[in-house]
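Note sheet for the following structure.
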Amino acid sequence: MGCKAKDIRNSKESAWRKYCAVTHGKIAFWRVLRNELLVLLFSKVPGALGMAFRRIFYPCMFRSCGRKVVFGTDLSFRHAAKIDLGDGVVLDDGVMLDAKGDDNHGITLDNGVFIGRFTKLYCKNGDIRLLEKANISSNSTLYSNNSLTIGKGCMVGAYTYILSGGEYDPLDPHPYCEQNGMNTKGPLVIGDDCWIGARVTVLDSAQKVGNRALIAASALVNRPVAEGDLVAGVPARVIKNFSKRNLDN
């Protein structure tokens with residue numbers, strides 16, 4: 001059995017195939033049934049018992065899953081066969097990981113990554129990678145139809161929106177609802193050890209945020225941020241630089 005994302009808008013496809021295209025992707029029918037059963041049985045089991053059940057039974061759904069992964073309640077996984085989880089990853093309650101796409105690599109969470117409650121990572125034929133010990137707070141959204149990388153040890157505040165792609169074309173004669181929203185200015189890379197405040201929006205036009213950069217709460221980042229810069233505002237502007245050369249002065 002194999003279902004492609006393009007099947008979703010095909011009026012000739014059955015509701016079942018459209019569901020599989022969105023949720024499971026190109027995997028065998030028996031794996032679809034297995035994953036559905038696991039979620040049905042264990043998704044909402046509370047407390048330590050539920051955590052233990054999910055730790056035992058959930059790893060088989062993923063491309064790879066490390067040791068001591070913590071699975072909260074009410075998690076949503078789409079195209080789980082294209083998701084890699086490292087050792088000690090924590091997925092808090094209500095997290096969604098959506099690796100949807102026909103030929104993308106999907107989502108990779110390295111060792112020690114923490115994803116806060118109700119945060120969503122979703123792809124539209126793009127890739128997302130969070131490096132070691134990256135920490136994403138609650139109710140945030142990370143989107144990619146290109147490539148999005150969050151560096152080691154980054155702290156990302158609640159209600160933050162970071163995207164690589166997802167733009168619509170005002171010159172396209174088609175209504176926006178009929179466009180695929182796949183325009184992109186290229187990959188987006190957030191460097192190591194950055195601190196991104198709450199309610200920040202980082203657009204793919206930023207292209208790169210340097211190591212140890214600081215982005216103030218509610219900022220809109222639409223251009224590159226240099227290493228050690230503190231930026232704030234809408235659009236974000238440089239307030240100060242905390243690089244070593246300035247600290248020595």
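The values are calculated or read from the model by the stated rules, or taken from the named source; none is laboratory data. Keep in mind the model is a prediction, meaning the values are calculated, not measured. Every residue, glycine as well, gets a Cβ built from its backbone with ideal geometry; the counts of neighbours run over all protein chains shown. Ligands, DNA and RNA are stripped out before the accessible areas are found, and what is left, the full protein with its side chains, is counted by its heavy atoms. Shrake-Rupley method; radii C 1.70, N 1.55, O 1.52, S 1.80 Å.
The residues of region 19-38 that are in contact (Cβ under 8 Å) with a residue 40 or more places away in the chain and more than 21 Å from the chain's Cα centre (by Cα), listed by number, are Ile27, Arg31. Could you check region 80-103 and list, in sequence order, the residues that are in contact with a Gly (Cβ under 6 Å, 6 or more places away or on another chain) and not in a strand (DSSP E or B)? Of everything in region 80-103, those that are in contact with a Gly (Cβ under 6 Å, 6 or more places away or on another chain) and not in a strand (DSSP E or B) turn out to be Lys82, Gly86, Asp87, Gly88, Asp92, Asp93, Ala99. Please indicate, with yes or no, whether at least one residue in region 72-87 is modelled with pLDDT of 95 or more and more than 25 Å from Thr141 (Cα to Cα). Taking every residue of region 72-87 in turn, none turns out to be modelled with pLDDT of 95 or more and more than 25 Å from Thr141 (Cα to Cα).
For residues that are part of a loop (DSSP other than H, G, I, E, B) and in contact with a Ser or Thr (Cβ under 9 Å, 6 or more places away or on another chain), scanning just region 144-156, find the one that is most open to solvent (accessible area, probe 1.4 Å). It would help to see each step written out before you state the result.
Step one: filter region 144-156 for residues part of a loop (DSSP other than H, G, I, E, B), giving 145-146, 151-154.
Right, trim to in contact with a Ser or Thr (Cβ under 9 Å, 6 or more places away or on another chain) and you get 145-146.
Numbers: Asn145: 17, Asn146: 46 Å².
That would be Asn146.
From the list Leu97, Leu91, Leu131, the lone residue that is farther than 18 Å from Val209 by Cβ, over 9 Å from the mean Cα position of the chain (by Cα) and not polar (S, T, N, Q) is Leu91. For region 183-207, a residue qualifies if it is in a strand (DSSP E or B) and within 16 Å of Ile128 (Cβ to Cβ), and the qualifying residues are Leu188, Val189, Ile190, Ile196, Val202. For region 108-149, a residue qualifies if it is hydrophobic (A, V, I, L, M, F, W, C) and in contact with a strand residue (DSSP E or B) (Cβ under 6 Å, 6 or more places away or on another chain), and the qualifying residues are Leu109, Val113, Phe114, Ile115, Leu121, Cys123, Ile128, Leu130, Ala134, Ile136, Leu142, Leu148.
Filter region 24-37 down to the residues that are in a helix (DSSP H, G or I) and open to solvent by less than 20 Å² (accessible area, probe 1.4 Å), then identify the one that is farthest from Leu97 (Cα to Cα). Taking the candidates together, the pick is Val32.
So which of Tyr161, Tyr168 ends up being at negative phi, of a type in the set (Phe, Trp, Tyr) and modelled with pLDDT of 95 or more? Explain how you work it out, then say what you get.
Working: Tyr168 fails: modelled with pLDDT of 95 or more.
Unique residue meeting the criteria: Tyr161.
Scan region 125-139 for residues that are in contact (Cβ under 8 Å) with a residue 60 or more places away in the chain and charged (D, E, K, R) and the total you get is 0. Among the numbered conditions (1) open to solvent by less than 10 Å² (accessible area, probe 1.4 Å); (2) under 17 Å from the mean Cα position of the chain (by Cα); (3) of a type outside the set (A, V, I, L, M, F, W, C), the only one that Thr201 does not meet is (1).
When only residues in region 157-182 that are part of a strand (DSSP E or B) and farther than 21 Å from Ser76 by Cα count, which is most open to solvent (accessible area, probe 1.4 Å)? Selected residue: Glu167. Filtering region 39-80 to residues that are open to solvent by less than 40 Å² (accessible area, probe 1.4 Å), over 17 Å from the mean Cα position of the chain (by Cα) and within 17 Å of Gly25 (Cα to Cα) leaves only Met61.
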